[in-house]
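Working notes for the structure below.
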Amino acid sequence: MENNINKYENLGFTLLELMVTIAIAGILTVVAVPNFSQTIRNSRLTTNINRLVASLNYARSEAIKRNHAVSIRKNDTYWESGWIIFADINGNGVQNAGDTLLREYEPMPNNFTLRATGINRVTYRASGISGNSSFVLCDNGDGNNIPEPNTSKLMIINTIGRVRMGTDSNKNGIQEKFDGTEIISCITSPFT
């Protein structure tokens, strides 16, 4: 019987082993949580800007396919309130009785702003061409409306209607406009 008791005596943790394990877990938590939060923020930004890029590409392809204008128009005062895509028969950028609603997009999550260079709509002609414009999407969780590193995305539509993302040539997490200067506001244009 005495051999069985000795066999089980060494199966527990000592106080020192437990304290070292808790300290290591604490250090890993302190390092991992901020990085995980940044990963989530980047994922939300990418998901929401990709939603806009996909809708612009869809509108352009529909304009070419239907051989007449297709417009994207914001639902409310700001683009983050959502937008619609419709076959714009007369090309005036307003959904009239004869225009067909193609898609409708829900508002962005709270604390996100999506602003454009002073435009209420983007209209693609039958050739797929639209005017120059740009959009800035920001995660404004802190409410200061200033693009900070890795909290904003710049999307640019060129004169032939193609969409591209802004560049970050100095790798500081804030994208630059055509002239090489960084975007400085999440809510005030010009963004090009």
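Kindly provide the set of residues from segment 82-108 that are polar (S, T, N, Q) and surrounded by 15 or more Cβ atoms within 10 Å (Cβ to Cβ), ordered by number.
The one that is polar (S, T, N, Q) and surrounded by 15 or more Cβ atoms within 10 Å (Cβ to Cβ): Gln95.
Only one of these conditions is not met by Tyr124: (1) within 20 Å of Phe191 (Cβ to Cβ); (2) without any contact (Cβ under 8 Å) to a residue 60 or more places away in the chain. Which number is it?
Failing condition for Tyr124: (2).
Checking the structure you have, find out if any residue of segment 115-123 is within 22 Å of the chain's Cα centre (by Cα) and within 30 Å of Ser37 (Cβ to Cβ). I'd like the intermediate steps shown before the answer.
We begin by selecting, within segment 115-123, every residue within 22 Å of the chain's Cα centre (by Cα); these are 115-123.
Add one more test, that the residue is within 30 Å of Ser37 (Cβ to Cβ), and what stays is 115-116.
For segment 115-123, residues within 22 Å of the chain's Cα centre (by Cα) and within 30 Å of Ser37 (Cβ to Cβ): present.
Scanning segment 146-191 for residues that are crowded, with 17+ Cβ neighbours inside 10 Å and modelled with pLDDT under 85, which turns out farthest from Ala59 (Cα to Cα)?
Ranking the qualifying residues of segment 146-191, first place goes to Lys177.
Does Gly173 satisfy the condition of being touching a Phe, Trp or Tyr at 6+ places or on another chain (Cβ under 6 Å) and either outside any strand (DSSP E or B) or of a type in the set (Phe, Trp, Tyr) (or both)?
no
Of the residues that sit in segment 67-81 and are of a type outside the set (A, V, I, L, M) and surrounded by 16 or more Cβ atoms within 10 Å (Cβ to Cβ), which one is nearest to Pro109 (Cα to Cα)? Before the answer, list the steps.
Of segment 67-81, the ones of a type outside the set (A, V, I, L, M) are 67-68, 71, 73-81.
Narrowing the set further to residues that are surrounded by 16 or more Cβ atoms within 10 Å (Cβ to Cβ) leaves 68, 71, 73-74, 79-80.
Details: His68: 33, Ser71: 23, Arg73: 19, Lys74: 15, Trp79: 12, Glu80: 8 Å.
Among residues in segment 67-81 that are of a type outside the set (A, V, I, L, M) and surrounded by 16 or more Cβ atoms within 10 Å (Cβ to Cβ), the one nearest to Pro109 (Cα to Cα) is Glu80.
Residue check: is Gly143 surrounded by fewer than 17 Cβ atoms within 10 Å (Cβ to Cβ) and either hydroxyl-bearing (Ser, Thr, Tyr) or within 17 Å of the chain's Cα centre (by Cα) (or both)?
Spelling it out, Gly143 is indeed surrounded by fewer than 17 Cβ atoms within 10 Å (Cβ to Cβ) and either hydroxyl-bearing (Ser, Thr, Tyr) or within 17 Å of the chain's Cα centre (by Cα) (or both).
Looking at Glu148, is it within 17 Å of Thr113 (Cα to Cα), of a type in the set (D, E, K, R) and out of contact with any helix residue (DSSP H, G or I) (no Cβ under 8 Å at 6 or more places or on another chain)? If you could, list the steps in order and put the result at the bottom.
Working: within 17 Å of Thr113 (Cα to Cα): yes; of a type in the set (D, E, K, R): yes; out of contact with any helix residue (DSSP H, G or I) (no Cβ under 8 Å at 6 or more places or on another chain): yes.
Here the answer is yes, as Glu148 does meet what is asked.
With the checklist (1) exposed (fewer than 14 other Cβ atoms within 10 Å of the Cβ); (2) touching a helix residue (DSSP H, G or I) at 6+ places or on another chain (Cβ under 9 Å); (3) over 18 Å from Leu52 (Cα atoms) in hand, flag the one item Ala126 doesn't pass.
(1)
So, in segment 146-166, exactly how many residues are over 18 Å from Trp79 (Cα atoms) and under 13 Å from the mean Cα position of the chain (by Cα)?
Final tally of qualifying residues: 2.
Quick check on Ala116: is it small (Gly, Ala, Ser), touching a residue at least 40 places away in the same chain (Cβ under 8 Å) and within 29 Å of Ile40 (Cβ to Cβ)? Let's see the steps before the verdict.
Details: small (Gly, Ala, Ser): yes; touching a residue at least 40 places away in the same chain (Cβ under 8 Å): yes; within 29 Å of Ile40 (Cβ to Cβ): yes.
So Ala116 passes the test.
So if I check each of Ile146, Ile187, which one is assigned to a loop (DSSP other than H, G, I, E, B) and free of Cβ contacts under 8 Å to residues at least 60 places away in the same chain?
Criteria check complete, one pass: Ile146.
The values are calculated or read from the model by the stated rules, or taken from the named source; none is laboratory data. As the structure is a prediction and not an experimental result, all values here were calculated from the model. So basically every Cβ, Gly included, is an ideal-geometry build from the backbone, and we count neighbours across all protein chains shown.
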